[in-house]
Amino acid sequence: MTASAFDHPYLSGLLGDEEISAFFSADADIRAMLSFEAALAKAEARHGIVAKEAAARITETCATFQPDVLALRHAVASDGVVIPELVRQLRKAVGGEAAEKVHYGATSQDVIDTSLMLRLKASCAILSHRLSQLLGCFENLGGDWGRHQLMGHTRMQAAIPITVADRIAAWSSPLADYRDRLQETSFPVQFGGAAGTLEKLGDKAGAVRTTLAENLGLSDRPQWQSQRAIIADIAHLLSLISGSLGKFGQDIALLAQAGDEIALSGGGGSSAMPHKQNPVAAETLVSLARFNAVQLSGIHQSMVHEQERSGAAWTLEWMILPQMVIACGDSIRLASTLAGQIKRLGAAGA
């Protein structure tokens, strides 16, 4: 039993998204955090802050290092973050003089936020690809049924006839924009040191940060540890995507209710009424849209970082953002499934 429906033993059959969830596993987080430490050592070696031999030793160790996760868990209970214990273990594994240069000039938030950006970049690339596939599904529906007629409805009342193409345009028109916005989103490195000033690196701070970003394939920008619009913008886009797909789901559920303008395959069964085929995917799209809309308010709450760093606001992000990404991924997956279940849409010559 879990507290989240997304990885629940059986609710995940409906709401789970293993491909996206993998980016928010402990293993994925640890690997991304170790990537930061290796990339930092190499960047600092390039600018003469760390010896090349030390950077090579750190990089080599990070590539294979497996931390004691139980010890990490116990340490987080007191430290509030995983990095102090992770760095302690990593320094022990590196050994020698090189151990002193592990994590040099960085702070916990640099590692954790950069790990998040690496994983968000990868997951958003998948979301973008899925949106392209969904747009293809809608294009195919338009080719099959676009000239058929539907009754248009305004304010839940019958209005005037429209074509299936008109309805499909309403479903698909925002999606290309969302896909493009995902592709254009900047995922920046976070590197500010203890209080955002990179005080240990002196006049080389900016150059090290730029190289660090290059090493990780992220964009370069000054520290943003207490300015979380980056996170809020990503969360907003996730909510827009699931919201637009919720509209698609709601429309399909209403069409299925009337029954004469749509034929669906693969509906869900009822324990009491064997004759029913419930539009499960359509209903779930509505639920996911409302879920992300609610979570978005929490992300906006987490923008309030007091002074140079907030533990409370930061922790709130950890609780909310991964579920929003998974919910968005699940929305696109289910929308493609639902589009593929449409066997007839509208009426010819009506």
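Measuring between their Cα centroids, segment 129-198 and segment 313-333 lie 19 Å from each other. Assuming charge only on the beta carbon of Lys and Arg (+1) and of Asp and Glu (-1), the dipole of segment 272-347 about its Cα centre is about 560 debye to the nearest 20. Amide H to amide H, with H built 1.01 Å from N, His153 comes under 5 Å of Ala159, counting only residues 5 or more places away or on other chains.
Taking a straight Cα-Cα cut-off under 21 Å and skipping sequence neighbours fewer than 8 places away in the same chain, the lysines within cross-link reach of Lys204 are Lys42, Lys52, Lys101. Residues considered: Gln157, Gln307, Gln109. Largest GNM mean-square fluctuation over the chain, using C-alpha springs under 10 Å, is found at Gln157. For chymotrypsin sites (Phe, Trp or Tyr not before Pro), the sites in segment 1-48 that DSSP calls loop and that have at most 10 other Cβ atoms within 10 Å are Tyr10.
Per-residue Karplus couplings for segment 335-345, computed as 6.51 cos²θ - 1.76 cosθ + 1.60 with θ equal to phi - 60°, are listed in order as 5, 5, 4, 5, 4, x, 8, 7, 9, 7, 9 Hz, Gly and Pro entered as x.
How large is the helix-only mean residue ellipticity at 222 nm for the chain, computed as the sum of -39500 (n - 2.57) over DSSP H runs with n ≥ 4, divided by its residue count, in deg cm²/dmol to the nearest 500?
Working: 12 runs with 218 residues, N = 350.
It comes out at -21000 deg cm²/dmol, rounded to the nearest 500.
Considering only alpha-carbon pairs that sit under 8 angstrom and 6 or more positions apart, the relative contact order computed for the chain is 19 percent. With everything on Cα atoms, drop me the angle between helix 229-258 and the longest principal axis of the chain, reported from 0 to 90° to the nearest 10. The answer is roughly 20 degrees. For segment 144-204, the Kirkwood estimate of hydrodynamic radius, built from reciprocal distances between every pair of different alpha carbons, is 16.4 Å. Using a 10 angstrom cutoff on alpha carbons, build the Gaussian network for the chain and name the most mobile of Ser25, Ser219, Ser128. For the chain, modelled as a Gaussian network with Cα springs under 10 Å, the answer is Ser25. Compared with the dominant principal axis of the Cα atoms in the chain, helix 205-216 is inclined by about 50°.
Residues whose amide H falls under 5 Å from that of Leu264, counting only those 5 or more places apart or on a different chain, are Lys343, with hydrogens built in the peptide plane. Looking at the chain, which longest stretch skips every one of the trypsin sites (Lys or Arg not before Pro) that is in a DSSP loop with at most 14 other Cβ atoms within 10 Å, leaving the sites themselves out? Free of exposed loop sites, the longest segment is 1-146.
Quick one: divide the alpha-carbon radius of gyration of segment 1-132 by 2.2 N^0.38 Å and tell me what you get. Working shown, then result.
Details: Rg = 17.1 Å, N = 132, 2.2 N^0.38 = 14.1 Å.
Computed over Cα atoms of segment 1-132, the ratio equals 1.21.
Couplings 3J(HN,Hα) of segment 311-324, computed from phi: x, 5, 5, 5, 4, 4, 4, 4, 6, 9, 4, x, 5, 5 Hz, in residue order, whole Hz [Karplus 6.51 cos²θ - 1.76 cosθ + 1.60, θ = phi - 60°; x for Gly and Pro]. Averaging over all projection directions, the Cα-based convex hull of the chain occupies 20.3 nm² in the image plane. Axis angle, to the nearest 10 degrees, between helix 52-64 and the longest C-alpha principal axis of the chain: 40 degrees.
Just so you know, all these numbers are worked out from the coordinates, no wet-lab data involved. All values derive from a computational prediction rather than experimental measurement. Glycine gets a Cβ as well: all are built from the backbone with ideal geometry, and neighbour counts include every protein chain shown.
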